[in-house]
1. Residues that are within 17 Å of A307 (Cα to Cα) and hydrophobic (A, V, I, L, M, F, W, C): does the stretch 29-51 have at least one?
2. Mind listing whichever residues of the stretch 66-83 are in a strand (DSSP E or B) and within 18 Å of K159 (Cα to Cα)?
3. In the list A51, A37, A69, A27, which residue meets the criterion of being under 21 Å from S160 (Cβ atoms) and surrounded by fewer than 16 Cβ atoms within 10 Å (Cβ to Cβ)?
4. From the residues in the stretch 290-306 that are more than 13 Å from A263 (Cβ to Cβ) and more than 13 Å from the chain's Cα centre (by Cα), which one is surrounded by the fewest Cβ atoms within 10 Å (Cβ to Cβ)?
5. Count, please, the residues in the stretch 182-195 that happen to be within 14 Å of A206 (Cα to Cα) and of a type in the set (G, A, S).
6. Please determine whether any residue of the stretch 241-248 is part of a loop (DSSP other than H, G, I, E, B), on the phi < 0 side of the Ramachandran plot and either in the same structural domain as E121 (by TED's automatic domain parsing) or touching a Leu at 6+ places or on another chain (Cβ under 6 Å) (or both).
7. When you go through A209, A204, A240 one by one, which is the residue that is among the small types (G, A, S) and under 30 Å from K304 (Cα atoms)?
8. Condition check: in contact (Cβ under 8 Å) with a residue 40 or more places away in the chain and closer than 21 Å to S146 by Cβ. Does P252 satisfy that?
Amino acid sequence: MRRLVVDLGGTNCRLALSTAAGQPLQAVQSYQNDNFASFADLLGQYRSDAALSAITEMVIAVAGPVQGATGDQFAQVTNRGWDLSSRGLSKSLDEIPVCLLNDLSALGHSLTYLEKHDIAEIQPLNGADPLGQKLVIGIGTGFNVSPVITTDHGVVSLKSEFGHIALPLDLYQALRVQIGARADDFATVEGCFSGRGFAALYAAWAPEAPPLHSAAAIMAAASQNDSVAAFVAFYATLLARLSRNLIKGFLPRGGLYFAGTLARNLLTSPARSAFVQAYRQPDPQFPELTAPVFCILDDGAALKGCAGVPLPKG
């Protein structure tokens, strides 16, 4: 097997060559999407840079919904407008098998292959079921979740578009206390829990402060400015509230697995303590209902998941 694996996000794209699931990836490269007019251009640049010989198949994790049946799938990259077609890509690559899947599904498949150092334990839990249903939560350019079930036949990573549902009432009420009527601007989960949502919420929190236009800038400023640090801690409590809602919605006894740049930067910062404190508060309806929390640290996790996805035979 010489499988080209791709993690195509809204901002960046990572590519590598896999020769077997669970084995080290080869020729790993990362590119900024803004430097290319299309995915085809980016793919051509990678193949030139990596000096790749023939590949036998390709699996692409896409930051966006994937539609269609095996062999005839299509997707559009979130915030990018790039259209992908498994059939069109296959034709351009000597008719090799091409599979598209959502990036959260790829992360779900990766859990089998991640090592201990690839994951940070945020909130341990005695009695957790390591074989139970898990929930991958991606917070980066956008927001989404994917329930992950391990069966005797392999990993099943379910599709969703959870980021587009309405913001839960308890989170809206918490926003209302802090930012008043501006809370109405955060109508969906993704509108609050994404890189853009994080920056917009900071602007609503501190309208008189010098603007910080990106999640990275806000996280950097939090280490130097007490007011910004207070905002980041508040955001971490919001994420804990959301997590408790997700536990009731998906029953992930095997754990919550956060992924994405914003999630990783937040949960490995001093704001982690604010998240843990809020997360540990018992639910008044279901005080026994809880789950361990982890954060995926490996930037190549989705690539490892793509390497482990079984392709249909024939």
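1. Among the residues of the stretch 29-51, not one is within 17 Å of A307 (Cα to Cα) and hydrophobic (A, V, I, L, M, F, W, C), which makes the answer no.
2. Those that are in a strand (DSSP E or B) and within 18 Å of K159 (Cα to Cα): V66, Q67, G68, A69, D72, Q73, F74, A75, Q76.
3. Exactly one residue qualifies, and that residue is A69.
4. T290
5. Counting residues in the stretch 182-195 that are within 14 Å of A206 (Cα to Cα) and of a type in the set (G, A, S) gives 1.
6. Within the stretch 241-248, not a single residue is part of a loop (DSSP other than H, G, I, E, B), on the phi < 0 side of the Ramachandran plot and either in the same structural domain as E121 (by TED's automatic domain parsing) or touching a Leu at 6+ places or on another chain (Cβ under 6 Å) (or both).
7. Exactly one residue qualifies, and that residue is A240.
8. yes
The values are calculated or read from the model by the stated rules, or taken from the named source; none is laboratory data. This structure is a prediction, so every number in the text was calculated from the model and none was measured. In this analysis, Cβ positions are derived from the backbone assuming ideal geometry, glycine residues included, and neighbour counts consider all displayed protein chains.
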